[in-house]
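Asks: One structure, as structure tokens, below. Some questions next.
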There are 6 protein chains.
Amino acid sequence: MIPHPPNGEHIDDQMVKIEVNLDDIPGEWLGYVMDLLFEAGANDVFYTPIYMKKNRPGILLQLLCSLENLNKMKEILFRETTTLGVRYYPLTVHRLERKFLKVATEWGAITVKQGMLNGQIVQTAPEFEECKQIARTHSIPLKKVYEQIWLAIGQEENLE
Amino acid sequence: MIPHPPNGEHIDDQMVKIEVNLDDIPGEWLGYVMDLLFEAGANDVFYTPIYMKKNRPGILLQLLCSLENLNKMKEILFRETTTLGVRYYPLTVHRLERKFLKVATEWGAITVKQGMLNGQIVQTAPEFEECKQIARTHSIPLKKVYEQIWLAIGQEENLE
Amino acid sequence: MIPHPPNGEHIDDQMVKIEVNLDDIPGEWLGYVMDLLFEAGANDVFYTPIYMKKNRPGILLQLLCSLENLNKMKEILFRETTTLGVRYYPLTVHRLERKFLKVATEWGAITVKQGMLNGQIVQTAPEFEECKQIARTHSIPLKKVYEQIWLAIGQEENLE
Amino acid sequence: MIPHPPNGEHIDDQMVKIEVNLDDIPGEWLGYVMDLLFEAGANDVFYTPIYMKKNRPGILLQLLCSLENLNKMKEILFRETTTLGVRYYPLTVHRLERKFLKVATEWGAITVKQGMLNGQIVQTAPEFEECKQIARTHSIPLKKVYEQIWLAIGQEENLE
Amino acid sequence: MIPHPPNGEHIDDQMVKIEVNLDDIPGEWLGYVMDLLFEAGANDVFYTPIYMKKNRPGILLQLLCSLENLNKMKEILFRETTTLGVRYYPLTVHRLERKFLKVATEWGAITVKQGMLNGQIVQTAPEFEECKQIARTHSIPLKKVYEQIWLAIGQEENLE
Amino acid sequence: MIPHPPNGEHIDDQMVKIEVNLDDIPGEWLGYVMDLLFEAGANDVFYTPIYMKKNRPGILLQLLCSLENLNKMKEILFRETTTLGVRYYPLTVHRLERKFLKVATEWGAITVKQGMLNGQIVQTAPEFEECKQIARTHSIPLKKVYEQIWLAIGQEENLE
């Protein structure tokens, strides 16, 4: 693992993916399990539909976490799902440098997240949850919020 | 419904599709439910993965049956799944005329099914289950069985 | 539509399904759109992955609502998604009679929902959200909560 | 069907959805079938993965067309896929009024499509294929093209 | 690999996952291929729908097996599917200790499988195939069978 | 890596799989991204529908490439998608020996690709794109083209 400043671009080779196949648990439980895993520190959790033996529609749970969280995640999976086994393998993650800016809009300042590759901006995106909150508070379609924010981002010189 | 001879091409407007969303039943139960529905006379049953509220991976069960079987199917769905409601709507089915031929192969005669549109052959296919049985019995890859059968079909003049 | 008492078994032929294909909207917006539609009175909203032209992974939004809510739902779809058209068709829903009972557990009384077909109990299920809350409050695996509740349900004579 | 000017908002009740379940045709053929159906006038064609009997991963083909194209579409499906039957049912489509504007950008004028509900703009989107072409021609990330175009749209007064 | 008694909890690092992308084989063949792979000793086989190039709906076959079975599995995949290449990577599996108990029910004794993490019971489940058989034999909804069995499990002291 | 002649059977352990989860990019962009990645030398690119947090239908992009192309692929993913991180892990690919033959048909010679395992033919398939071109040029159903070609392949002695 390359030492790096907080939010700096880096390559992390201390990550692991855990996988579990599930065909004996109801879908409503799995929404709850996802919440528990995120709360316990999972970097990501997601489900894929799979076709299992005996005509069973199943779910493949995939979870990304740091190696140091592996045991904690395994324990939640064993306690909260119905599985008798979990599998995992190491992987490497390349993360961009992240910067957070504020952009003025008619609804106040909102956060814009940028991703940088070798010091060059390759990603620019307003924070979704803030945009959603503006849409809710002002009863505006989310599309209209984004249109205004993209205009504001484009007009701000200091963003480029 | 247009009267028609057995296996004749026809348009059937006495069919119905039933749908149920399921997020509180394990996948292994659904393999069993599918079997029960086919045994009771469903024309087709199939599952689609769906994304339901509260992050729940769910299953959409779809079932095709004749209107006269509607009540029987509803009862099985209510008794064997966890749903409190089923929905349905009528649909029309256009079915081709079907003919069944025998084609000689090194493993004996096998059935070939043909579909005819306005009296013209548009589908020709060996019966899958018979091919599978040959592959099993003779320990041959299924591909090899199909290759031989396609050759036999092509060489039979009376098929065209 | 057959007149019926609240929660009584009935067949409702004033329902409609709306469908929209979406390939030009991010997934994170769709989580929000689902919330808006439920809040506005949709009976159900769910997503299915679809393969669209030009190699585009898309989403099929399906929505169930009463005919009287059709226009409200269409307006939300037009304002909050990116679609230029929505399609819909009528369908019939058969809903079971619903009863709500209380069952005593070590964590207090919890609600059990029953579904009845022709006056006969065919569904019995504890309310998921209450079970989840117990699991959270007492830091117990959800499985353990369900095991206790199934035992309590089985032991209550008045449930059968 | 309500008479309407070209591109005007309207409700079309002369549409039909055709469905076919397929478990005996390779995926590569289905990419080709989709092309043929669009070329013959289908309004939309899309695939959904389904779980069919005997552990078979299948595909549900869905096709939207006008009633007057129904027979043409059925014939293509019978000739080009392996099915022995197709099913269909009528549906209604509500389409927005569509307007096409030109917006000036550093790469020339590009088309912006607008959708109007009761005369009010609810959709605004640059034509994807034109944006893609600019990205290709100038070797710019597509994101950058969209950012510039959203800025140009926002700054054009006559768009609002 | 940690040496372990039969059915004891252990971590197995001699496992491998094989993957194959398939877009030129019919779905009905894949149901058969799954059977062959299980019969030859695969620990698990499952399918995921994928979107491949040229608008092709494809299938991702995933297979888990021990390293010592790798060559046998590869040979079946090459002989029975249409692929020209398979890929694979090692992974680790953490399996719980498994115990099998008998619980008395009105239909006779049925098997209950338990999973143990560090000697503590975290999984308890009746054997699905036995429950299904009771439901079939006695023409009872599977739900009713499970309800009775959960009650019996809860009442047996020696299970806790 | 075992040295091998062009198209010879070999095991390649210099391959890598890259994965990206996407919930903030429209599906139509992803069709374009797939094209860019193939043009830049990806061995394969495919999408899987996934269920992500907050009820978001997302897409898992998977990409196979040689280790020497890893950086080029990562750069395209960062520039052309919206992700702030990509993950990857090495894998091994076993590829069959490939041979290309010509088979005479009524529409001219077409290419047949064969795959060989330990020198034995296990795969035989006409080139899909050539078959498709014949179907287009001669306005014949693709099925009919394949039937003729399978017959021609079967009759050619030198293919076996």
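The values are calculated or read from the model by the stated rules, or taken from the named source; none is laboratory data. None of the values given here were measured: they were computed from a predicted structure. So basically every Cβ, Gly included, is an ideal-geometry build from the backbone, and we count neighbours across all protein chains shown. Ligands, DNA and RNA are excluded from the accessible area calculation, which covers all protein heavy atoms including side chains. Shrake-Rupley method; radii C 1.70, N 1.55, O 1.52, S 1.80 Å.
Asks: Suppose the filter is under 18 Å from residue D:56 (Cα atoms), among the hydroxyl-bearing types (Ser, Thr, Tyr) and either touching a residue at least 40 places away in the same chain (Cβ under 8 Å) or open to solvent by 10 Å² or more (accessible area, probe 1.4 Å) (or both); does residue E:48 pass it?
Replies: On the way: under 18 Å from residue D:56 (Cα atoms): yes; among the hydroxyl-bearing types (Ser, Thr, Tyr): yes; either touching a residue at least 40 places away in the same chain (Cβ under 8 Å) or open to solvent by 10 Å² or more (accessible area, probe 1.4 Å) (or both): no.
It is false that residue E:48 is under 18 Å from residue D:56 (Cα atoms), among the hydroxyl-bearing types (Ser, Thr, Tyr) and either touching a residue at least 40 places away in the same chain (Cβ under 8 Å) or open to solvent by 10 Å² or more (accessible area, probe 1.4 Å) (or both).
Asks: I would also like to ask the following. Any idea which residue in segment B:21-39 is nearest to the chain's Cα centre (by Cα), counting only those that are within 7 Å of chain A (Cβ to nearest Cβ) and within 27 Å of residue C:63 (Cβ to Cβ)? Don't jump to the end; show me each part of the working.
Replies: Quick first cut of segment B:21-39, residues within 7 Å of chain A (Cβ to nearest Cβ) only: B:23-28, B:30-31, B:34.
Retained after the next criterion (residues that are within 27 Å of residue C:63 (Cβ to Cβ)): B:23-27, B:30, B:34.
Details: B:23: 25, B:24: 26, B:25: 24, B:26: 24, B:27: 21, B:30: 17, B:34: 12 Å.
Residue satisfying both the conditions and the ranking: B:34.
Asks: Scan segment B:21-31 and give yes if some residue there is of a type in the set (S, T, N, Q) and either within 28 Å of residue A:36 (Cβ to Cβ) or assigned to a strand (DSSP E or B) (or both), otherwise no. First the steps, then the outcome.
Replies: The initial filter retains those residues of segment B:21-31 that are of a type in the set (S, T, N, Q), namely B:21.
From what is left, the residues that are either within 28 Å of residue A:36 (Cβ to Cβ) or assigned to a strand (DSSP E or B) (or both) are B:21.
Yes, some residue in segment B:21-31 is of a type in the set (S, T, N, Q) and either within 28 Å of residue A:36 (Cβ to Cβ) or assigned to a strand (DSSP E or B) (or both).
Asks: Follow-up. Can you name every residue in segment B:89-103 that is over 19 Å from the mean Cα position of the chain (by Cα) and closer than 30 Å to residue B:23 by Cβ?
Replies: From segment B:89-103, those over 19 Å from the mean Cα position of the chain (by Cα) are B:89, B:101-103; that's our starting set.
Once the filter is applied, which keeps residues that are over 19 Å from the mean Cα position of the chain (by Cα) and closer than 30 Å to residue B:23 by Cβ, segment B:89-103 yields only B:89.
Asks: Continuing with the same structure: Considering only segment C:40-49, state which residues are at the interface with chain F (Cβ under 7 Å from one of its Cβ atoms) and either touching a helix residue (DSSP H, G or I) at 6+ places or on another chain (Cβ under 8 Å) or of a type in the set (Ser, Thr, Tyr) (or both). Talk me through it step by step, then tell me what you get.
Replies: We begin by selecting, within segment C:40-49, every residue at the interface with chain F (Cβ under 7 Å from one of its Cβ atoms); these are C:47, C:49.
Residue satisfying the conditions is C:47 alone.
Asks: From the list C:30, C:84, C:61, which one is within 30 Å of residue D:128 (Cα to Cα), open to solvent by 10 Å² or more (accessible area, probe 1.4 Å) and of a type outside the set (S, T, N, Q)? So that I can check it myself, show each step before the final result.
Replies: Working: C:30 fails: open to solvent by 10 Å² or more (accessible area, probe 1.4 Å); C:61 fails: open to solvent by 10 Å² or more (accessible area, probe 1.4 Å).
After ruling out the rest, the residue left standing is C:84.
Asks: Return the pair list, or none, for Cβ contacts closer than 7 Å from residues in segment F:73-84 that are among the charged types (D, E, K, R) to residues that are part of a helix (DSSP H, G or I), at least 6 apart or on different chains.
Replies: Partner pairs satisfying both residue conditions: F:80/D:142; F:80/F:33; F:80/F:36.
Asks: For segment A:92-140, give me each residue that is touching a residue at least 40 places away in the same chain (Cβ under 8 Å), β-branched (Val, Ile, Thr) and closer than 20 Å to residue F:85 by Cα.
Replies: Listed by number, the residues that qualify are A:92, A:93, A:112.
Asks: Among the residues of segment E:36-49 satisfying the criterion of being in contact with a Ser or Thr (Cβ under 8 Å, 6 or more places away or on another chain) and in a strand (DSSP E or B), which is farthest from residue A:23 (Cα to Cα)?
Replies: Here the answer is E:49.
Asks: A follow-up question, please. Kindly indicate whether residue A:86 is touching a helix residue (DSSP H, G or I) at 6+ places or on another chain (Cβ under 7 Å) and either over 27 Å from residue B:34 (Cα atoms) or at pLDDT below 95 (or both).
Replies: On the way: touching a helix residue (DSSP H, G or I) at 6+ places or on another chain (Cβ under 7 Å): yes; either over 27 Å from residue B:34 (Cα atoms) or at pLDDT below 95 (or both): yes.
So residue A:86 passes the test.
Asks: Still on this structure, I have one more. For residue F:137, work out the one condition from (1) in contact with a strand residue (DSSP E or B) (Cβ under 9 Å, 6 or more places away or on another chain); (2) more than 23 Å from residue E:26 (Cβ to Cβ) it doesn't fulfil.
Replies: Answer for residue F:137: the failing condition is (1).
Asks: Among the strands (runs of 3 or more DSSP E) contained in segment D:50-160, which hold 3 or more residues that are facing another protein chain (nearest Cβ under 9 Å)?
Replies: In segment D:50-160, D:56-66, D:85-95, D:108-117, D:120-126 are the strands (runs of 3 or more DSSP E) which contain 3 or more residues that are facing another protein chain (nearest Cβ under 9 Å).
Asks: Could you grab me the full set of residues in segment C:125-160 that are closer than 29 Å to residue C:9 by Cα and open to solvent by less than 20 Å² (accessible area, probe 1.4 Å)?
Replies: In the first step, residues of segment C:125-160 are kept if they are closer than 29 Å to residue C:9 by Cα; the result is C:125-132, C:146, C:149-160.
C:126, C:128, C:131, C:149, C:152, C:153, C:159, listed by residue number.
Asks: Of these, C:109, C:42, which one is more than 30 Å from residue D:61 (Cβ to Cβ), at pLDDT 95 or above and either of a type in the set (A, V, I, L, M, F, W, C) or open to solvent by 10 Å² or more (accessible area, probe 1.4 Å) (or both)? Show your work before the answer.
Replies: Working: C:42 fails: more than 30 Å from residue D:61 (Cβ to Cβ).
Exactly one of C:109, C:42 is more than 30 Å from residue D:61 (Cβ to Cβ), at pLDDT 95 or above and either of a type in the set (A, V, I, L, M, F, W, C) or open to solvent by 10 Å² or more (accessible area, probe 1.4 Å) (or both), namely C:109.
Asks: Return the residues of segment B:87-106 that are open to solvent by 40 Å² or more (accessible area, probe 1.4 Å) and aliphatic (A, V, I, L, M); say none if nothing qualifies. Give the derivation first.
Replies: Residues of segment B:87-106 that are open to solvent by 40 Å² or more (accessible area, probe 1.4 Å), as a first pass: B:90, B:95, B:97-102, B:104, B:106.
Within segment B:87-106, B:101, B:104 meet the criteria.
Asks: Hey, any hits in segment D:5-23 for a residue that's surrounded by fewer than 21 Cβ atoms within 10 Å (Cβ to Cβ), of a type in the set (S, T, N, Q) and modelled with pLDDT under 95?
Replies: Looking for residues that are surrounded by fewer than 21 Cβ atoms within 10 Å (Cβ to Cβ), of a type in the set (S, T, N, Q) and modelled with pLDDT under 95, one finds at least one in segment D:5-23, hence yes.
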